[in-house]
Amino acid sequence: MKDDKTISMAAAEKHGSVLVIGGGISGIQSALDLANSGFKVYVLEEKPAIGGVMSQLDKTFPTNDCSMCIMSPKLVDVGRHPNIELITFSELKDITGKVGNFKVKILKKPRYVDGEKCTGCGVCIENCPVLFQPQIPEKPKEPSQVRDQVYIDELISKYSYYEAPLIQIMLEVNKKYRYLPRDVLEYLSFKLDTALSTIYRVATFYKTFSLEPLGKYHIKICLGTACHVRGARNIVDKVKDAIDAAEEGLFSLETVNCLGACALGPIMMVNEEVHGHMTVDKVDEIITSLEGIK
Amino acid sequence: MKKLSNPKELEKLRKTIQNRRDPNKPVVTICGGTGCQASGCEHIIETFKKEIIKQSLQEKIDVRITGCHGFCEKGPLVVIYPSKIFYPMVKSKDVSRIISETVVNNKVIEELLYVDPSSGERITYEDDIPFYKKQTRTIFGSNGKIDPKNIEDYIAISGYSALEKVLPSMKPQDVIDEVKKSGLRGRGGGGFRTGQKWESCSKAKGKQKYIICNADEGDPGAYMDRSILEGNSHSVIEGMILGAFAIDSNHGYIYVRAEYPLAVKHFSIALNQARKLGLLGKNILNSGFDFDIKIYQGGGAFVCGESSALIQSIEGNVGEPRAKHIHATERGLWDCPTVINNVETWANIPLIINKGAKWYASIGTEKSKGTKIFSLVGKINNTGLVEVPMGMTIKEIVFDIGGGIPNDKEFKAIQTGGPSGGCIPRSLMDMPIDFDELKRAGSMMGSGGMIVMDEDTCMVDVARYFMEFNLDESCGKCSSCREGNARMLEILEDICVGKGNENSIPLLEELSEYIKETSLCGLGKTAPNPVLTTLKYFKDEYLSHIQKKECPAKVCKPLIFYEINSEDCTGCGMCAKKCPVNAITGEKKKPHTIDKDICTKCGTCIATCKFNAIQVKTGEKK
Ligand SMILES: Cc1cc2nc3c(=O)[nH]c(=O)nc-3n(C[C@H](O)[C@H](O)[C@H](O)COP(=O)(O)O)c2cc1C
Ligand code: FES
């Protein structure tokens, strides 16, 4: 709005009411500030209750204060303020008009509760048969198809003497296929009786794992401190250019933090081969020497 | 190899090996460490083997592929025993001469010798090279002498003799006392006293106890753990067996980064050999004590080097640290008492047992004992791994061992402690290095990375770099570390592109305080250190970026521009040809000019120009 200087505020017919969209902590605070300075405020919230993300947090950054301690007085204030009207479980559909005089269209979703009569005692929630039904996680099912089943079974038995073999098996799978294929993960989930979501959590936490196939040539460039001070950033830029010019699927690029050959920095690895003392010129040399590069 | 059934048989085996070996038989040792591999040592090894067969000398000469010697800068390294003649940067064309002249006839080939850059003299023997001469290589010295894939080599240099000494005659408490008396402090970063750690674990109750070797070495710029594992795995295994004996544990783990395949390979070979000899497994040397080690590979996450995250990872979870109100020594792996030590710490144990706590405590400073391996990297002449007694000054390490800064540049700072450490300026060059001095200067020991920076390194950029690193590696559990680091990085990035303002520095300081105070694990607690130390020692550089919009080191691209010096430019046109964005124009044989609006400052022209005519400037464009 600030930029739109063409609209003269004075010319527009102003109304004394404001719509705050979103009933999170910032919406609540704005509503309170506005209401206290004399505006009529409508707070629109998509969820059935205001509070937003902050109400779900334990502590707040950076002071580590308890979030609810900051928030609950404000929730009560908003609920009670004579100048504030809450419109919850509703969505904004349309805005028309100009600064100072907007018209909004709001969709109020059905709530199966008569708002006029409800006191918010909460007894219905406690007795709701659906909400409090225990949810037992499903046992992983055997996938219908998996590649190289014999190999995977061998891997599983090879690492069976580990108390927690999952990561070790995933490392081998990742090395063999150069990524983690979904069918193998599903099979592992079944065999190791571990939820697929847990496996995915591990797969996305550790940097070694890839969920997409790597290029024929996987290039790793070290951006560790020793390599950084010797100008590794320029090597990355150069390699990016070279990759852009090449065919799809031929290259993939990863930057890593230290490959443990710091004395020879900057370091670049093409698949398993380590190249030390990299320079911008050497990138061209190495890339053109690879098989299948024009 | 036969299984040894008591310590005496081990002693006998050592004698047999030593007697079998002729000390005068020439041995060509070639470094096969990762550094030398990157310089092409595999090809040199092949050539040596072929050449020896060609000259029919298989019977007369031994070839030994060793682990890292430390002088990685000059690889591939070849040392000829018993004379110890040293050839750096060996090329395959020289191999046949080295064999026929030096190995067979003991003649030194002058032009292949190492040239000392400071005096210009040629140096014949390994021990006389300044880089090695000033070091005290108690742990690392054996690397150059043994083949890591051959347990006999390690036994021959009195390997496993500490075990031989402990099993029949010492009690677990004696071992703990010896380690306590030695004053050994953990080499993984924190500098916690190893003896005390073992003692509290030995006193803790649990149905099972675990020993873990932390080989996750995530500090960028440090690679000593890797070199020990690749070059001398047995010393770590021996240390772990002794530790297990001391705290009465039967299960060991070593957690190695997946990025270190060679280390994993050598370590598993070493484990198998030790098992075959009965040095690992059930009833070790008939002492009734069982112990074995499993290798566990990590998946590439820096935070997994932190002990509680590492334990999470071995348990098969994502590596998120937990609060440390209960120590791992009481409830660690699978909730059992656990001792975690760094690779280098373990490698120190056999030495302490063999030579005694008194000897060990005589090296180093009052509160930091023994030697420490540093990886001397960055802008320095002799990059590599150096092992020095604690308490050596920065100046000695950088100038006497490291040979100073290349290209006559000015030494500006060293960075220690990795992303948790800080930058120590030139003015503190006479500071002795040990755990406490480094802490006092605002940095820390970390795992021993020592990155040297010269006048061309921008300290704001360094701070920004580490912030990026920490943000990237933060596991995301604490909001102060996850969000706070991101905000600090934003401010630093703004400063680097000339958008800093007078609030930037106070804001950085304030955020640093909060992040340090409110993070759970060591990563967050120390993440602001690089920023705080650079602010403390190099505030003027921050101020130049903020007030004058200048980058004194000429690194931050938005604050610099390129210009051609018309006096030096001969108009050869090479730069114009190479420029990827065609920013350089000019007539042939006449000085060229750079269009500063098009120039992307990629550096290609600087690398191309033979006349040093292209200058990097900072500040207002004219
Ligand atoms: C973020 C972070 C990363 C760490 N990384 C490593 C590492 O790579 N290697 C290591 O040995 N210790 C690392 N440590 C230290 C370990 O937590 C632990 O203190 C150490 O392994 C204990 O061994 P020590 O007593 O032998 O030093 C790290 C600590 C933190 C907080
Ligand atoms: S910093 Fe690049 S290899 Fe270590």
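The values are calculated or read from the model by the stated rules, or taken from the named source; none is laboratory data. On a predicted model such as this, the values are computed, not experimentally measured, just so you know. As a convention, Cβ positions derive from the backbone with ideal geometry for all residues, glycine included, and neighbour counts pool all protein chains shown.
Hey, can you tell me all the residues within region B:532-564 that are in the same structural domain as B:Ile495 (by TED's automatic domain parsing) and either within 16 Å of ligand 1 (Cβ to nearest atom) or farther than 15 Å from B:Cys496 by Cβ (or both)?
B:Leu532, B:Thr533, B:Lys536, B:Tyr537, B:Lys539, B:Asp540
Under the condition of being within 8 Å of chain B (Cβ to nearest Cβ) and within 12 Å of ligand 2 (Cβ to nearest atom), which residue from region A:232-262 is farthest from B:Leu376 (Cα to Cα)?
A:Val256
Looking at region B:12-28 only, could you name the residues that are surrounded by 11 or more Cβ atoms within 10 Å (Cβ to Cβ) and touching a residue at least 12 places away in the same chain (Cβ under 8 Å)?
B:Leu13, B:Arg14, B:Ile17, B:Gln18, B:Arg21, B:Lys25, B:Pro26, B:Val27, B:Val28
Residues A:Glu247, A:Glu254, A:Glu273, A:Glu212: which one is of a type in the set (Asp, Glu) and within 29 Å of B:Gly402 (Cβ to Cβ)?
It is A:Glu273.
In contact with a helix residue (DSSP H, G or I) (Cβ under 8 Å, 6 or more places away or on another chain) and either free of Cβ contacts under 8 Å to residues at least 24 places away in the same chain or assigned by TED's automatic domain parsing to the domain that holds B:Ile326 (or both), is that true of B:Ile491?
Yes; evaluated as a whole, the condition is true for this residue.
Could you please give the count of residues in region B:276-305 that are within 14 Å of chain A (Cβ to nearest Cβ) and among the charged types (D, E, K, R)? Let's see the steps before the verdict.
First pass over region B:276-305, keeping only residues within 14 Å of chain A (Cβ to nearest Cβ): B:281, B:292-305.
Remaining after also requiring among the charged types (D, E, K, R): B:292, B:294.
Of the residues in region B:276-305, 2 are within 14 Å of chain A (Cβ to nearest Cβ) and among the charged types (D, E, K, R).
Among the residues of region A:263-294, count how many are crowded, with 17+ Cβ neighbours inside 10 Å and more than 13 Å from chain B (Cβ to nearest Cβ).
The qualifying residues number 1.
With the condition being more than 14 Å from chain B (Cβ to nearest Cβ) and either surrounded by fewer than 16 Cβ atoms within 10 Å (Cβ to Cβ) or not β-branched (Val, Ile, Thr) (or both), I'd like the helices (runs of 4 or more DSSP H) fully within region A:106-190 carrying at least 3 qualifying residues.
In region A:106-190, the matching helices (runs of 4 or more DSSP H) lie at A:123-127, A:149-158.
List every residue pair whose Cβ atoms lie under 9 Å apart, where the two residues are 6 or more positions apart in sequence or sit on different chains, the first residue falls within region B:524-539 and is away from chain A (no Cβ under 14 Å) and more than 24 Å from B:Cys478 (Cβ to Cβ), and the second residue, located anywhere, is assigned to a loop (DSSP other than H, G, I, E, B) and within 16 Å of ligand 2 (Cβ to nearest atom).
none
Here's a check for you: in region B:223-242, which residue that is in a helix (DSSP H, G or I) and within 14 Å of chain A (Cβ to nearest Cβ) is nearest to ligand 2 (Cβ to nearest atom)?
Ranking the qualifying residues of region B:223-242, first place goes to B:Arg226.
Check region B:175-191 and report whether any residue there is away from ligand 2 (no atom under 16 Å from the Cβ), surrounded by fewer than 21 Cβ atoms within 10 Å (Cβ to Cβ) and either of a type in the set (Ser, Thr, Tyr) or farther than 19 Å from B:Asp434 by Cβ (or both).
Yes, the conditions are met somewhere in region B:175-191.
At the interface with chain A (Cβ under 10 Å from one of its Cβ atoms) and touching a residue at least 24 places away in the same chain (Cβ under 8 Å): is that true of B:Asp456 in this structure?
yes
Output the number of the condition that B:Lys324 fails; it satisfies all remaining conditions of (1) assigned to a helix (DSSP H, G or I); (2) surrounded by fewer than 18 Cβ atoms within 10 Å (Cβ to Cβ).
Result: B:Lys324 passes all but (1).
Would you pick out the residues in region A:215-231 that are more than 29 Å from B:Asn407 (Cα to Cα) and either under 28 Å from the mean Cα position of the chain (by Cα) or within 9 Å of ligand 2 (Cβ to nearest atom) (or both)?
Those that are more than 29 Å from B:Asn407 (Cα to Cα) and either under 28 Å from the mean Cα position of the chain (by Cα) or within 9 Å of ligand 2 (Cβ to nearest atom) (or both): A:Gly215, A:His218, A:Ile219.
Confirm whether B:Val339 is within 16 Å of ligand 1 (Cβ to nearest atom), within 25 Å of A:Met170 (Cβ to Cβ) and not assigned by TED's automatic domain parsing to the domain that holds B:Met467. Explain how you work it out, then say what you get.
Details: within 16 Å of ligand 1 (Cβ to nearest atom): yes; within 25 Å of A:Met170 (Cβ to Cβ): no; not assigned by TED's automatic domain parsing to the domain that holds B:Met467: yes.
No: the conditions fail for B:Val339.
Is there any pair linking a residue in region B:97-117 that is closer than 13 Å to B:Lys60 by Cβ to one that is acidic (Asp, Glu) and surrounded by 13 or more Cβ atoms within 10 Å (Cβ to Cβ), with Cβ under 8 Å and at least six apart or on different chains, and which?
B:Ile99/B:Glu51
For region A:195-224, which positions are touching a helix residue (DSSP H, G or I) at 6+ places or on another chain (Cβ under 7 Å), away from chain B (no Cβ under 13 Å) and within 13 Å of A:Glu254 (Cβ to Cβ)?
Matches in region A:195-224: A:Ile219 only.
Applying the selection to region B:169-194, what residues are within 14 Å of ligand 1 (Cβ to nearest atom), in a helix (DSSP H, G or I) and under 24 Å from B:Asp292 (Cβ atoms)? Reasoning before the result, please.
Kept after step one, since they are within 14 Å of ligand 1 (Cβ to nearest atom), are these residues of region B:169-194: B:179-180, B:182-194.
Adding the requirement that they be in a helix (DSSP H, G or I) leaves B:179-180, B:182, B:194.
Across region B:169-194, the qualifying residues are B:Val179, B:Thr194.
Do we have any residue at all in region B:472-482 that's within 14 Å of chain A (Cβ to nearest Cβ), surrounded by fewer than 20 Cβ atoms within 10 Å (Cβ to Cβ) and on the phi > 0 side of the Ramachandran plot?
Among the residues of region B:472-482, at least one is within 14 Å of chain A (Cβ to nearest Cβ), surrounded by fewer than 20 Cβ atoms within 10 Å (Cβ to Cβ) and on the phi > 0 side of the Ramachandran plot, which makes the answer yes.
For region A:191-224, give me each residue that is buried (at least 18 other Cβ atoms within 10 Å of the Cβ) and in contact (Cβ under 8 Å) with a residue 60 or more places away in the chain.
A:Tyr217
In region A:85-98, what residues are of a type in the set (A, V, I, L, M) and surrounded by 14 or more Cβ atoms within 10 Å (Cβ to Cβ)?
Those that are of a type in the set (A, V, I, L, M) and surrounded by 14 or more Cβ atoms within 10 Å (Cβ to Cβ): A:Leu86, A:Ile87, A:Leu92.
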